[in-house]
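Asks: What follows is a structure written as structure tokens; I'll ask about it next.
The values are calculated or read from the model by the stated rules, or taken from the named source; none is laboratory data. Keep in mind that what you see is a predicted model, and the values were worked out from it rather than measured. As a convention, Cβ positions derive from the backbone with ideal geometry for all residues, glycine included, and neighbour counts pool all protein chains shown. Ligands, DNA and RNA are stripped out before the accessible areas are found, and what is left, the full protein with its side chains, is counted by its heavy atoms. Shrake-Rupley method; radii C 1.70, N 1.55, O 1.52, S 1.80 Å.
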Amino acid sequence: MALMILKKPTQLENRSHFFRVRCKLVQLKMRIAEKLQAKFRAPRLTQTRIVLALTTAVVADGLQFISAPIPFVGQVIDVVAMLLTTWIIGFHLLLLPTFVAEMFPVVDMLPTWTACVIAVIALRKREQNAATPPRIGNTRE
């Protein structure tokens, strides 16, 4: 019986130690996630960024259509289009399937970069409109 009484506080101590360690791990994971999110945060969409991204996509699709018979030129265009688009409007998961789809012979003739950039811009605009609170200013009647 005396052993049972002594054993209970150590179990409680072990549990509290486990809880403290677990809390510290969760805090560390959250700090790492915040740093990664800040590093890959999408830039604010401006008219200039939208025009540049769409121009990049249309030019990439056009060059791929023209250079279809030349081997490996399409892949180089895809890499450049992916890098430029990511630099202009930020990384989005929709860019990955587009990049992979462009490696298939028939699909690379379709305007996939243009469609993807339009979709990413629409999604980012929706995110930004939802994130910004409505402005309360001087209202004229």
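Asks: May I ask you to verify whether GLN37 is open to solvent by 40 Å² or more (accessible area, probe 1.4 Å) and at pLDDT 80 or above?
Replies: No.
Asks: One residue is enough: does the range 40-53 have a residue meeting the conditions open to solvent by 90 Å² or more (accessible area, probe 1.4 Å), of a type in the set (Val, Ile, Thr) and not in a helix (DSSP H, G or I)?
Replies: No - not one qualifying residue is present in the range 40-53.
Asks: List pairs: first in the range 111-123 and over 11 Å from THR98 (Cβ atoms), second assigned to a helix (DSSP H, G or I), Cβ under 7 Å, 6+ apart or cross-chain?
Replies: Listed by first residue and then by second, the contacts come to ILE121/ILE50; ILE121/ALA53; ILE121/ILE89.
Asks: Tell me which residues, restricted to the range 101-125, are surrounded by fewer than 18 Cβ atoms within 10 Å (Cβ to Cβ) and modelled with pLDDT of 90 or more.
Replies: The answer is PRO111, ALA115, ILE118, ALA119, ALA122, LEU123, LYS125.
Asks: Filter the range 80-94 down to residues that are part of a helix (DSSP H, G or I) and either within 17 Å of the chain's Cα centre (by Cα) or closer than 14 Å to PRO105 by Cα (or both), then give me how many there are.
Replies: Matching residues across the range 80-94 total 9.
Asks: Shifting gears a bit: Can you confirm whether ALA68 is more than 13 Å from the chain's Cα centre (by Cα) and without any contact (Cβ under 8 Å) to a residue 60 or more places away in the chain?
Replies: yes
Asks: I've got another one for you. Of the numbered conditions (1) at pLDDT 85 or above; (2) at negative phi, VAL21 satisfies every one except a single condition; which is it?
Replies: Single failed check for VAL21: (1).
Asks: Here is a further query. Can you tell me which residue in the range 63-79 is nearest to VAL107 (Cα to Cα), limited to those that are open to solvent by 30 Å² or more (accessible area, probe 1.4 Å) and in a helix (DSSP H, G or I)?
Replies: PHE65
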